[in-house]
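The values are calculated or read from the model by the stated rules, or taken from the named source; none is laboratory data. Just so you know, these numbers come straight off a predicted model, no measurement behind them. Using ideal geometry, Cβ is built from the backbone for each residue, glycine included, and neighbour counts are taken over all protein chains shown.
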Amino acid sequence: MHSVSNKKPKFDIPLLLKMPLTDSPSNQSTEECFLFPVEEIVQYPLPGYEAPTSISFSPDDRFISYLFSPDNTLNRKVFAFDPSTCQDNLIFNPPGGGLGESNLSSDEKLRRERLRERGLGVTRYEWTKSCSKPAIMVPLPDGVYFQDVTSSSPKLKLPSTSSSPIIDPQLSLDGSMLAYVRESEIYVLNLSFGEPKQLTYGTRENCKAHGIAEYIAQEEMDRKTGFWWSLDSKYIAFTEVDATEIPIYRIMHQGKSYVGSDAEEDHAYPFAGKANVKVRLGVVPSSGGEITWMDLLCGGLDVPCNSEEYLARVSWMPENILIAQVLNRPHSRLKILKFDIHSGKRETLFVEEAESDTWINLHDCLTPLLKGVDKFTGGFIWASEKTGFRHLYLHDKTGTCMGPITEGNWMVEQIAGVNENTGVVYFTGTMDGPLETNLYCTKLYPDSSQPLQRPQRLTFGPGKHAVILDHLMQRFVDVNDSLETPPRVSLHSLPDGALLRILYEQSSVISRCKRLQLVSPEIAEIKANDGTTLFGAIYKPDAKRYGPPPYKTLISVYGGPSVQFVCNSWINTVDMRAQYLRSKGILVWKLDNRGSARRGLKFEGSLKYNFGRIDAEDQQTGAEWLVKQGLAKPGRLGLYGWSYGGYLSAMSLARFPDTFSCAISGAPVTAWDGYDTFYTEKYMGFPTTNVAGYEYSSIMHHVHRIKGKLLLVHGMIDENVHFRHTARLVNAFIAAGKPYELLVFPDERHMPRKQRDRVYMEERISEFIERNL
């Protein structure tokens, strides 16, 4: 992985050859040479994010593999680094260039939308489980390839076509078989011999799907798959999705030069207050045979109190015990169910209850204890927010909670690993502040008679740390970045976090950053009107070029749940639109209002039934603070946002017409009765039981108050936030006699992907800001 000595860190040589750190010509000043073209806003990868991704250890921990693009593009290949020899080798170069935007099936294109995936070439790989002959599995549009690390050529094991694509291939845990979905049915291929074997049947006749996660699961529940291998590789649990009773929402491709079936697409989209798809859970032997259906049926009813509405998570415990997490429709009760896979009978392991004014947040922290000690054999770790912050708890095999593993006014994010031999659990969390992420460890079996010990921190240096542990629990890879430092990859000792080797490092002033004169934003703390601390980020123009403040100001907003905008991460430094505007003399401000993520349930719960209220008021408070600090010019403040941020930018413009002079609203939800069930009802309740809340949260309810200028931007084939939202708002503007501007992309979805479309969008946005701010 472009290894260097850990005695004297150096920069990655290939990167330096590609992007030399050159100064401006000596006969010209920096200001005279400075140019920030609008095209820079849309270039991917972002500066500094050329770093390796999808890092993993081989099953024998000999290799550290990763995806990387030697030419610093989105086209990635698979490399492997051997720490014992410091050798770094290309192990898979995708035939024909691999995945591209033009060679994907329609199903895979939609899956990429769910995943927010932009990568090309290779976007995913998986190690086979054999330690004697290390190899990887790589799915590509033309089929599934296998590559021995020591071999020179990959083998196409399973061909695929765009008309009959292979979806979601997964290796069995013993590495002997490959399961996948084709034409909505599950197949298994024995990798040693034989032809693919079909395990499920009947979807064509019944218009159902086996093994594919439904739209709601992919988009809102972060459940991307619809089947799961058992721990012994003898069974596959899978979903059957029945969308036949969901009214079809048709999207017409108005920008096409032709009409007919190829210029339209149908989606089973569950609108707030309406029925969801029906989901069943079945188990089939991987060798083929009869399906056993579990005693569970989720969805299918348009009632607000359905107790088993969403199949949120599925996992396996030792001895082939199947576990399902089932969420009720109000998001207030999560059942953890245990199934006998031979009879389908169920047992409630335990139930998680939410406070009356909040909700259940899903997570992936359920971790079975494969060995356990004494009464904990067959037990597991669970994460709960019952104290207001997500923490880890130890449960025995009956589901009884035996006590907390962590505690405090901070949150656990993910379990990174568990060493049952030493009785230690490793996790990432916010113990050292909500703007950062670190790796910690603590006792797996705390002494109930003693206070919990403070977890030990194992990552060092400011910012965000994403970690990957090896299988033997001896080492970990740390991907660390901060406002001042682009992502750096390093290898560490797990017991104490000591640095073993830097695997990848780049200059914090790489050529592109230096040429564009990128400056990290300043972090600020302000108080909401109830005294809550809010964090903001300020991108100030160069005072030498534009003079002292106040400046014209654009507020970049998101503000919705499950997202944190302001954090100590390089991603904020390379917010290229913010940096572009700063280069034009405009101050850019970001604020995480109440309701955003990583601050605990009380902070998040401020949005309950309050979309468009608390969030907009906090953005107004931030604007007032900027003016009081002498940073922003009164009457010269605008807003920009996308998706929920598009909603909040338009809502703030309408609710506070004397503060904000203009707004850019990208792909906004303009009325929440037009968005999906899971997301909307979690925060806003049912349309029929919260009539006043839905009315107030609609932008159309406030259009008559708007004084400033609004630019609406939307893709016409957006299957997430339908173009219908913008059309409804346009109708309201016409009815109120208010002017508006509209920028549409007939062939784009939720976010423009085509290079020319993105450049055009940024040019129009820039021109709008110049006219109206």
What about Glu113, is it farther than 22 Å from Val42 by Cα, among the acidic types (Asp, Glu) and touching a residue at least 40 places away in the same chain (Cβ under 8 Å)? no
Over 30 Å from the mean Cα position of the chain (by Cα) and touching a residue at least 60 places away in the same chain (Cβ under 8 Å), is that true of Trp625? yes
Which one of Pro446, Pro451, Pro455 is in contact with a Phe, Trp or Tyr (Cβ under 7 Å, 6 or more places away or on another chain) and more than 24 Å from Arg594 (Cβ to Cβ)? Pro455
Of a type in the set (Ser, Thr, Tyr), at pLDDT 95 or above and over 23 Å from the mean Cα position of the chain (by Cα): does that describe Ser652? yes
Expected single match for buried (at least 21 other Cβ atoms within 10 Å of the Cβ), more than 23 Å from the chain's Cα centre (by Cα) and in contact (Cβ under 8 Å) with a residue 24 or more places away in the chain among Leu435, Leu439, Leu394 is Leu394
Any idea which of Pro541, Pro561, Pro495 is surrounded by fewer than 16 Cβ atoms within 10 Å (Cβ to Cβ) and either without any contact (Cβ under 8 Å) to a residue 60 or more places away in the chain or closer than 30 Å to Met684 by Cβ (or both)? Pro495
For region 359-381, enumerate the residues that are modelled with pLDDT under 95 and in a loop (DSSP other than H, G, I, E, B). Leu369, Leu370, Lys371, Gly372, Val373, Thr377, Gly378, Gly379
Report yes if Gly638 is among the small types (Gly, Ala, Ser) and closer than 16 Å to Ser562 by Cβ, otherwise no. no
Qualifying residues in region 49-106 (those that are acidic (Asp, Glu) and over 24 Å from Ser160 (Cα atoms)) - the one surrounded by the most Cβ atoms within 10 Å (Cβ to Cβ): Glu50
Answer yes or no as to whether Thr225 is modelled with pLDDT under 95 and in contact with a strand residue (DSSP E or B) (Cβ under 8 Å, 6 or more places away or on another chain). no
Within region 134-171, considering residues that are in contact with a strand residue (DSSP E or B) (Cβ under 6 Å, 6 or more places away or on another chain) and of a type in the set (Val, Ile, Thr), the one nearest to Leu90 (Cα to Cα): Val149
Members of region 116-129 found to be surrounded by 16 or more Cβ atoms within 10 Å (Cβ to Cβ) and either at positive phi or not charged (D, E, K, R) (or both), listed by number: Gly119, Leu120, Gly121, Val122, Thr123, Tyr125, Trp127, Thr128
Within region 452-482, take every residue that is in a strand (DSSP E or B) and among the hydrophobic types (A, V, I, L, M, F, W, C) and give me the one that is farthest from Ala416 (Cα to Cα). Val479
Check Gly388 against each of (1) part of a loop (DSSP other than H, G, I, E, B); (2) in the same structural domain as Lys208 (by TED's automatic domain parsing) and name the one condition it does not meet. (2)
Are there any strands (runs of 3 or more DSSP E) wholly within region 219-291 with 2 or more residues that are out of contact with any Leu (no Cβ under 7 Å at 6 or more places or on another chain), under 28 Å from Tyr201 (Cβ atoms) and not aliphatic (A, V, I, L, M), and if so which? 227-229, 235-242, 264-268, 278-285
Please go through region 278-297 and pick out each residue that is closer than 24 Å to Asp673 by Cβ and either at pLDDT below 95 or crowded, with 22+ Cβ neighbours inside 10 Å (or both). Val279
State the number of residues belonging to region 421-451 that are in a loop (DSSP other than H, G, I, E, B) and either in contact with a helix residue (DSSP H, G or I) (Cβ under 9 Å, 6 or more places away or on another chain) or modelled with pLDDT of 95 or more (or both). 9
Identify the single condition in (1) more than 20 Å from Val418 (Cβ to Cβ); (2) in a strand (DSSP E or B); (3) in contact with a Phe, Trp or Tyr (Cβ under 7 Å, 6 or more places away or on another chain) that Gly344 does not satisfy, given that it satisfies every other one. (2)
Scan region 724-748 for residues that are aromatic (Phe, Trp, Tyr) and assigned to a loop (DSSP other than H, G, I, E, B) and jot them down. Tyr740
Of the numbered conditions (1) free of Cβ contacts under 8 Å to residues at least 60 places away in the same chain; (2) over 23 Å from the mean Cα position of the chain (by Cα); (3) assigned to a loop (DSSP other than H, G, I, E, B), Gly403 satisfies every one except a single condition; which is it? (3)
Every pair of residues 6+ apart whose Cβ atoms lie under 7 Å, when the first sits in region 212-241 and is assigned by TED's automatic domain parsing to the domain that holds Ser184 and under 19 Å from Phe339 (Cβ atoms) while the second is among the hydroxyl-bearing types (Ser, Thr, Tyr) and at pLDDT below 95: Ser233/Ser176
Is at least one residue of region 351-366 over 30 Å from Ser596 (Cα atoms), of a type in the set (Asp, Glu) and not assigned by TED's automatic domain parsing to the domain that holds Phe678? no
Exactly one condition in (1) touching a Gly at 6+ places or on another chain (Cβ under 6 Å); (2) more than 19 Å from Asn320 (Cβ to Cβ) is false for Phe238; which is it? (2)
